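Enquirer: Sharing a structure here in C-alpha cells format.
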Amino acid sequence: MAVFQKFVVKQYAKGLLFRNGNFMSVLEPGEHNLFTVGQRVEVVTYDIDAGVFEHPIKDYLIAKRPAIVAEHFELIQTSAAQIAIVTRNGVILEVVPPNARGLFWRGFVALEVEHLDVRDGLILPNDHVLLARKSAGWVQKFFTDVAPVEGSLAFVSRSGKMTDLVVSGERKLYWRDFEHVSAIPHNALTNVNKGVQDAIIAANPIWLEKFLRLELNELELGLVRRGKAIADLIPATATAMYFNDGVTKLETVNIASEFRVRADIAANLKGTKLEQYIENVSIPEYHTGALFVDGKLEGVLEVGAHAFWKIGRSLRVAIVDSRLQTLEVSGQEILTKDKVALRLNLSASYRVTDAILATSKLKDLEAFLYKELQLGLRAAVGTRTLDALLEDKDVLDNVVFDHVKTKSEGFGLAVDSVGVKDIILPGEMKAILSKVVEAEKVAQANGIRRREETAATRSLLNTAKVMEDNPVALRLKELETLERITENIDQISISNGLDGLLRDLVKIKN
C-alpha cells in the first residue's frame, strides 16, 4: 500500500487541502506528496485568475483563518447601499451586491476594485467599464437601465414614488434588487399629462426648471411652437408642460379678444390636424361677408381670406353677392277679376345694397323676394279683368315693381326691374279667343270687300256716263277691249270690217 500520494497543482492555480473533510491549508503550484495512510485526502484546485472564490468554507476562512485570507485572497466587502465592481485587466470579474462579502484569489495581475453607492442610481461616464459592450450581461443581470432615446425623457419611480428625471443623452443605472424601480418614458415633444405634472411638483419642484409651463383659463388657448412651426395646440383651461429643449416655445392666445386668427398662425395650421380648431372663410370678389358670433352680428368681412378661432363659440358667415342678380318666378296660376285662370312667368332683377341689413333682418333674402313677387303679382292680376290685362300688359310690371320696391325698403335690397315674361291662357280660353279674333278678322274682310265693290260700281257708272256723251271715248274703250282679247289668242277672222267684228259674231280660232 502506498504511504504517500502525489498531487499536482498547476502553475496558474492553487489548491485547497482537505483531510477527512477538514480544511488544512492552501497548496501552492507544484507537486505535493501527501501522507494518506488511514486518511481521506482531497485537493481542490482553483484558477486564481478565474474570479470570485466560491466554496462553503469561504465564511469559515474569513472568520477563523484570517492569516490565510490575508496571504492568498482579496477580501471585498460592501455596505447596505454599496456595490463593488471587481475587474482584472479591464474585464469585470464580479459585481459584489450590497451588504455582501467576496473572496478573490490573489492572481498574477492585481485586482481593481471600485465601490459605488447605488442608493440614488448610477450616473457613470461613457467610458466606464460597466457601460462597455462586453459588460452588457452584468447590466442586464443586476440593473434597470434607463437611457432615453433622442427626443424623449424618462420619469423614474422607486418603490412607487417618483424620484428621478432622466433626459435624452443621459443614462442611469438602478440596482434592481435594492428596490422596485420603474421608468415611464415620455416623448419630449408632447405635453406631460396632469398626473405626472403633479408627481413632478411633489417629488422635486426644482425639476420644473427643465420645463416650460402654461396654465390657461377658459378664454385662452396655447400654441406650442417648434421654431416657427406650430406643433400642437393646448385647449382652454388646460395646463401645459413641455420639456425645454431650447427650440420649443409656448404662446398664449386670448380667444376672447383675439378671435381672429393671425395670418401667420393660420398659415402654420393650414393642412395640419390643428386646422379643425379654426374657421377659414374666403370672400370672393364682388361679394360681402357678414360675420355672426354666437348668433350676434360682429361685422362685415371684405374680399379676401379670413380665419377665426371657433373654440368655445358658434361662428356663421353669410356671404352676399353684391352684383345685379336675377330671380325667376315661374308657373304662377292666378285668377283674374272675371275668374279666368292664368299662368304667368315673372322675372325680376335686384342687388344687395347693404349686406348687414340683408343678412341680419332676413334669414333668406331670395325667399323673401320670391314671396313678395308672388304677392305683388296676385294683387295685380286678381283686381283686373282678362281684357284689361291683355289691353295693357305693362300695368302688371308697374304694379308688381311698386309692390316689391315698397316691401324691400329697409332690408338693404334694391329692385331694379320687374317684367312679366309670359301670360299663358288655359286651353279652352285659347280656343274662344281664337274664334273671337277670327270673327273680327272676317268682319273686317267683309267690310273691306263691300267698300271695294261699291267703289268699283261707282267707277263703272262714271265711265258709262263719259262714253255716253263722247263716242270717241267709247270707240277707244272698244279698241282697248279688243287689244286685251288678242293678247291671249293666236288668230282672229274678221268679216265686214271692224264694225262687223264688233256687231257680228266673232269667231276665234286657237
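We did not get these values from a lab; they are worked out from the coordinates using the rules stated. Just so we're clear, the structure is a prediction, and the values are computed from it rather than from any experiment. Cβ atoms come from the backbone with ideal geometry, glycine included; neighbour counts cover every protein chain shown.
Enquirer: So if I place +1 on the C-beta of Lys and Arg and -1 on the C-beta of Asp and Glu, and nothing else carries charge, what would the dipole magnitude of region 259-323 be about its Cα centre? I want it in debye, nearest 20. The partial results should precede the final answer.
Expert: On the way: 9 positive and 8 negative charges, 44 e Å.
My answer is approximately 220 debye.
Enquirer: While we're here: Considering only the chain, what is the antiparallel percent among its DSSP beta bridges, to the nearest 5?
Expert: Rounded to the nearest five, the antiparallel share is 100 percent.
Enquirer: Answer with one residue from G304, F411, F73: the one whose Cα lies farthest towards the positive end of the charge dipole of the chain, charges on Cβ with Lys, Arg +1 and Asp, Glu -1.
Expert: Going by the Cα projections, it comes out as F73.
Enquirer: May I ask for the Rg/Rh ratio of region 79-146, computed from Cα atoms with Rh as the Kirkwood radius, given to two decimals?
Expert: On the way: Rg = 12.0 Å, Rh = 12.7 Å.
Across region 79-146, the Cα-based Rg/Rh ratio is 0.94.
Enquirer: Counting Lys and Arg as +1 and Asp and Glu as -1, each charge on the Cβ, what is the dipole of the chain about the Cα centre in debye, to the nearest 20? Let's see the in-between values first.
Expert: On the way: 63 positive and 68 negative charges, 265 e Å.
It comes to approximately 1280 debye.
Enquirer: Here is a further query. Provide the three semi-axes, in whole Å and in decreasing order, of the ellipsoid equivalent to region 8-86 as defined by the square roots of 5 times the Cα gyration tensor eigenvalues. Walk me through the numbers before you get to the answer.
Expert: On the way: eigenvalues 145, 47, 18 Å².
Rounded to whole Å, the semi-axes are 27, 15, 10.
Enquirer: Across region 294-304, in residue order, what do the Karplus-derived ³J(HN,Hα) couplings come to in whole Hz, using 6.51 cos²θ - 1.76 cosθ + 1.60 with θ = phi - 60° and x for Gly and Pro?
Expert: 6, x, 9, 5, 9, x, 9, 9, 7, 4, x
Enquirer: For F7, what residues show an amide H to amide H distance below 5 Å, using hydrogens built from the backbone and excluding near sequence neighbours?
Expert: Those lying under 5 Å, H to H, from F7 are H32, N33, L34.
Enquirer: Work out, in µm²/s and without decimals, the Stokes-Einstein translational diffusion coefficient of region 116-167 at 20 °C, 1.002 mPa s, Rh from Kirkwood over C-alpha pairs.
Expert: Answer, rounded: 172 µm²/s.
Enquirer: Sort 73-81, 374-382, 37-45 by packing, meaning the average of other beta carbons within 10 Å per residue, with the highest value first.
Expert: Order by mean packing, descending: 374-382, 73-81, 37-45.
Enquirer: On to the next question. Just need the relative contact order of region 324-425 here, percent rounded to a whole number, with Cα pairs under 8 Å and 6+ apart. Walk me through the intermediate numbers first.
Expert: Values: 175 pairs, mean separation 39.8, N = 102.
After rounding, I find 39 percent.
Enquirer: In whole percent, what relative contact order does region 259-323 give with Cα contacts below 8 Å and a gap of six or more residues?
Expert: Working: 112 pairs, mean separation 25.7, N = 65.
Across region 259-323, relative contact order equals 40 percent.
Enquirer: Long-range amide H contacts for A100: which residues qualify at under 5 Å (H placed 1.01 Å from N, peptide plane, sequence gap of 5 or more or a different chain)?
Expert: For A100, whose amide H was placed from the backbone, the distant partners under 5 Å are T78.
Enquirer: Next question, about the same structure. So what are the radius of gyration and Dmax for the Cα set of region 259-323, in Å?
Expert: Spelled out, the Cα radius of gyration and Dmax of region 259-323 are 12.0, 37 Å.
Enquirer: Let me spell out the model: positive unit charges on the Cβ of Lys and Arg, negative unit charges on the Cβ of Asp and Glu, origin at the Cα centre of region 74-220. What dipole size does that give, in debye rounded to 20?
Expert: Details: 15 positive and 18 negative charges, 116 e Å.
The dipole magnitude comes to about 560 debye.
Enquirer: Note down the relative contact order for the chain as a percent, whole number, built from C-alpha pairs under 8 angstrom at least six residues apart. Please report the intermediate quantities before stating the final value.
Expert: Values: 820 pairs, mean separation 29.4, N = 510.
Relative contact order, the chain: 6 percent.
Enquirer: Tell me, Kirkwood radius of region 324-425 from alpha-carbon pair distances, in Å?
Expert: Details: mean 1/r = 0.0721 Å⁻¹.
Kirkwood hydrodynamic radius for region 324-425: 13.9 Å.
Enquirer: Sum up the charges of everything whose Cβ sits under 12 Å from the Cβ of A154, counting Lys and Arg as +1 and Asp and Glu as -1, but leave A154 out.
Expert: Details: positive: R171, K172; negative: D145, D164, E170.
Overall, the nearby charge balance is -1.
Enquirer: Per the Debye formula with a single identical scatterer at each Cα and no solvent contribution, what log10 I(q)/I(0) holds for region 23-134 at q = 0.14, 0.18, 0.19 Å⁻¹?
Expert: One equal scatterer on each Cα of region 23-134 leads to -0.67, -0.98, -1.06.
Enquirer: In units of 2.2 N^0.38 Å, what is the alpha-carbon radius of gyration of the chain?
Expert: Details: Rg = 60.7 Å, N = 510, 2.2 N^0.38 = 23.5 Å.
Rounded to two decimals, the normalised Rg is 2.58.
Enquirer: May I ask for the net charge around L315, where only other residues with Cβ less than 10 Å from the Cβ of L315 are counted and Lys, Arg are +1 while Asp, Glu are -1? Intermediate results must be reported in sequence, preceding the final value.
Expert: Details: positive: K310, R313, R316; negative: E279, D294, E298.
Surrounding charge for L315 is 0.
Enquirer: Along region 44-51, what does the Karplus equation 6.51 cos²θ - 1.76 cosθ + 1.60 (θ = phi - 60°) give for ³J(HN,Hα), rounded to whole Hz, x for Gly and Pro?
Expert: Whole-Hz 3J(HN,Hα) from phi for region 44-51: 10, 9, 9, 6, 6, 9, 6, x.
Enquirer: Could you please state, rounded to a whole Å, how far the C-alpha centre of region 129-160 is from the C-alpha centre of region 1-45?
Expert: Each part reduced to its Cα centre gives a spacing of 46 Å.
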